[in-house]
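**Student:** Please see the structure below; I have some questions.
The values are calculated or read from the model by the stated rules, or taken from the named source; none is laboratory data. Source: prediction; values computed, not measured. With ideal geometry, Cβ positions are generated from the backbone for all residues, glycine too; neighbour counts draw on all protein chains shown. Ligands, DNA and RNA are excluded from the accessible area calculation, which covers all protein heavy atoms including side chains. Shrake-Rupley method; radii C 1.70, N 1.55, O 1.52, S 1.80 Å.
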Amino acid sequence: MVASDDFAEFLREQLTPLGRVTMRRMFGKTGVFCDGLMLGMVRDNTLYFRVDDDNRAAFKEAESFPPLNYEKKGGTIDLSFWRAPERLFDEPDELVALAQAALAAARRVAAKRERTAPGRKSKSQPT
């Protein structure tokens, strides 16, 4: 289920220090974007932040719950988004700090995609 209007507005207010925060419905969830980069997702009014190898330790330390997942062909697929601890909604500075870590991960993902984008011409190899 996507984010309610009230929850989406609450998140936009809390994450204002990051920059321009927008929300977009996708695959039965709501994507949370900052300046065009997806740093989080919301399912059932629960916030999940993007996690990668560089920020995973910070999310473990913040006692984030396991990743957002879905069922496919009888198995569970974990996504790279971990649940934000509920206590962060009472600690706006810590929420923004974790959101900044998620945004940094989103930037790394975007940079990696740019390097591996199909259709880019590679330098010709000598034959």
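**Student:** Can you tell me which residue among ALA102, ALA97, ALA58, ALA106 is hydrophobic (A, V, I, L, M, F, W, C) and farther than 17 Å from ARG20 by Cα?
**Tutor:** Of the residues listed, the single one that is hydrophobic (A, V, I, L, M, F, W, C) and farther than 17 Å from ARG20 by Cα is ALA58.
**Student:** When you scan the range 60-69, do you find a residue that is modelled with pLDDT of 85 or more, aliphatic (A, V, I, L, M) and closer than 20 Å to ALA106 by Cα, even just one?
**Tutor:** no
**Student:** I need the full set of residues from the range 35-50 which are closer than 22 Å to VAL109 by Cα and more than 10 Å from the chain's Cα centre (by Cα), in order please.
**Tutor:** ASP35, GLY36, ARG43 - these are the residues of the range 35-50 that are closer than 22 Å to VAL109 by Cα and more than 10 Å from the chain's Cα centre (by Cα).
**Student:** Name the residue that is nearest to TYR70 (Cα to Cα), counting only residues in the range 1-17 that are open to solvent by 70 Å² or more (accessible area, probe 1.4 Å) and touching a residue at least 12 places away in the same chain (Cβ under 8 Å).
**Tutor:** Applying the filter and picking the extreme gives MET1.
**Student:** Only one residue in ASP78, ASP53 is within 14 Å of the chain's Cα centre (by Cα), open to solvent by 90 Å² or more (accessible area, probe 1.4 Å) and under 16 Å from ALA105 (Cα atoms), so which one is that?
**Tutor:** ASP53
**Student:** Right, another one. Could you count how many residues in the range 30-43 are open to solvent by less than 30 Å² (accessible area, probe 1.4 Å) and either free of Cβ contacts under 8 Å to residues at least 40 places away in the same chain or assigned to a loop (DSSP other than H, G, I, E, B) (or both)?
**Tutor:** So the answer is 4.
**Student:** Also, I was wondering about something else. Quick one: how many residues across the range 81-106 are open to solvent by 60 Å² or more (accessible area, probe 1.4 Å) and either closer than 13 Å to ALA62 by Cβ or modelled with pLDDT of 95 or more (or both)?
**Tutor:** Number satisfying all stated conditions: 7.
**Student:** What pairs come out if I take residues in the range 59-87 that are over 16 Å from MET41 (Cβ atoms) and charged (D, E, K, R) and pair them with residues that are in a strand (DSSP E or B) and modelled with pLDDT of 85 or more whose C-beta lies under 9 Å away, six or more apart or interchain?
**Tutor:** Between residues of the range 59-87 that are over 16 Å from MET41 (Cβ atoms) and charged (D, E, K, R) and residues that are in a strand (DSSP E or B) and modelled with pLDDT of 85 or more, the close pairs are LYS60/TRP82; GLU86/THR46.
**Student:** Taking the range 48-68, which residues are of a type in the set (Phe, Trp, Tyr) and either touching a Pro at 6+ places or on another chain (Cβ under 6 Å) or in a strand (DSSP E or B) (or both)?
**Tutor:** TYR48, PHE49
**Student:** Looking at ARG120, ARG20, ARG113, which one is open to solvent by 80 Å² or more (accessible area, probe 1.4 Å) and at pLDDT 90 or above?
**Tutor:** Of the residues listed, the single one that is open to solvent by 80 Å² or more (accessible area, probe 1.4 Å) and at pLDDT 90 or above is ARG20.
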